[in-house]
Amino acid sequence: MDLEIRVVLKSEVSRDDTATLGWNLGWKLDAIGREGSSPLRDLWSKGDVSITYIEDPVVQLRYFVMRGPEARAVARDVREALAVWSIDETLGLLTHASGRDAKIHAIYLVALTASFDQDEQIVAAFRRVAQDGEVDARHALLVAIGYLASWPALRELAETIQREDPAPAVRRDAGFLLEGLDLADGG
């Protein structure tokens, strides 16, 4: 079974740190991202695991995506060697976030630290965000849903937002998200 795991790096971890880690762990460098490319990606491999380092301009976060049957072991190595976010930390940030920027940052962190399997604790947190008075937080939620597109409960949440959000721009953008999800699903 091929797994896909994301590991989100904390701000103190540099791109050089990730390259040093790859070198130390015997990863094979398959491609190096060009400065200025968006998103910037470095591609590594270890056995039958592909390891992609991403500097994501949409959410302004840096993370690894590991794919392959041994992705869990590679993710563990990264978590042990570098400062990374855990889902518990990011959910805590979201729960206590106040102010527009803190909420948006926490929403993105939760989405990217979540596993690709639906998690009811995260769904509940995102349902609370959908009721937030901050319109930009609700917009950020739509972006976050795009990163967890395979979760049926989040698709349902996007449909609810499209029907019921008080802001016309948020309802419109929820419609765009749902169109994109349908296209990705082949519909």
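The values are calculated or read from the model by the stated rules, or taken from the named source; none is laboratory data. If you're wondering where the values come from, they're calculated on a predicted model, not measured in any experiment. Because the Cβ atoms are built from the backbone with ideal geometry, glycine has one as well, and the counts that use them run over all protein chains shown. We work out accessible area using only protein heavy atoms, side chains counted, and drop any ligands, DNA or RNA first. Shrake-Rupley method; radii C 1.70, N 1.55, O 1.52, S 1.80 Å.
Any idea which residue in region 87-128 is surrounded by the fewest Cβ atoms within 10 Å (Cβ to Cβ), counting only those that are among the small types (Gly, Ala, Ser) and under 13 Å from the mean Cα position of the chain (by Cα)? Full working, then the answer.
Step one: filter region 87-128 for residues among the small types (Gly, Ala, Ser), giving 92, 97-99, 102, 106, 111, 114-115, 124-125.
Adding the requirement that they be under 13 Å from the mean Cα position of the chain (by Cα) leaves 106, 111, 114-115.
Values: ALA106: 24, ALA111: 25, ALA114: 25, SER115: 13.
For region 87-128, the residue satisfying everything is SER115.
Would you pick out the residues in region 119-139 that are under 20 Å from ASP88 (Cβ atoms) and outside any loop (DSSP other than H, G, I, E, B)?
Initial filter on region 119-139 (under 20 Å from ASP88 (Cβ atoms)): 119-129.
If the condition is that a residue be under 20 Å from ASP88 (Cβ atoms) and outside any loop (DSSP other than H, G, I, E, B), then GLU120, GLN121, ILE122, VAL123, ALA124, ALA125, PHE126, ARG127, ARG128, VAL129 are the ones that fit.
How about region 33-52: which of its residues are of a type outside the set (Lys, Arg) and either in contact (Cβ under 8 Å) with a residue 60 or more places away in the chain or touching a Leu at 6+ places or on another chain (Cβ under 8 Å) (or both)? Spell out how you get there, then give the answer.
The initial filter retains those residues of region 33-52 that are of a type outside the set (Lys, Arg), namely 33, 35-40, 42-45, 47-52.
Selection gives GLY33, ASP42, LEU43, TRP44, SER50, ILE51, THR52.
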Subset of region 47-73 that is touching a strand residue (DSSP E or B) at 6+ places or on another chain (Cβ under 7 Å) and open to solvent by 80 Å² or more (accessible area, probe 1.4 Å) - its residue that is farthest from ALA106 (Cα to Cα): ASP48
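Is at least one residue of region 142-150 surrounded by fewer than 12 Cβ atoms within 10 Å (Cβ to Cβ), more than 21 Å from ILE5 (Cβ to Cβ) and out of contact with any His (no Cβ under 7 Å at 6 or more places or on another chain)?
Within region 142-150, the first condition is being surrounded by fewer than 12 Cβ atoms within 10 Å (Cβ to Cβ), and the residues that meet it are none.
No, region 142-150 has no match at all.
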Which numbered condition in (1) farther than 29 Å from ALA137 by Cβ; (2) at pLDDT 95 or above; (3) buried (at least 16 other Cβ atoms within 10 Å of the Cβ); (4) in contact with a Lys or Arg (Cβ under 8 Å, 6 or more places away or on another chain) is the only one that ASP77 fails? (4)
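When you scan region 164-171, do you find a residue that is touching a Leu at 6+ places or on another chain (Cβ under 6 Å), of a type in the set (Gly, Ala, Ser) and open to solvent by less than 50 Å² (accessible area, probe 1.4 Å), even just one? Give the derivation first.
The initial filter retains those residues of region 164-171 that are touching a Leu at 6+ places or on another chain (Cβ under 6 Å), namely none.
Checking region 164-171: not a single residue is touching a Leu at 6+ places or on another chain (Cβ under 6 Å), of a type in the set (Gly, Ala, Ser) and open to solvent by less than 50 Å² (accessible area, probe 1.4 Å).
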Every residue from region 29-46 that is among the aliphatic types (A, V, I, L, M) and surrounded by 13 or more Cβ atoms within 10 Å (Cβ to Cβ): LEU29, ILE32, LEU40, LEU43
Of those in region 43-58 that are in contact with a helix residue (DSSP H, G or I) (Cβ under 7 Å, 6 or more places away or on another chain) and modelled with pLDDT of 95 or more, the residue nearest to THR113 (Cα to Cα) is TYR53
On the basis of being at pLDDT 95 or above, crowded, with 21+ Cβ neighbours inside 10 Å, farther than 30 Å from ILE161 by Cα and not acidic (Asp, Glu), does VAL84 make the cut? no
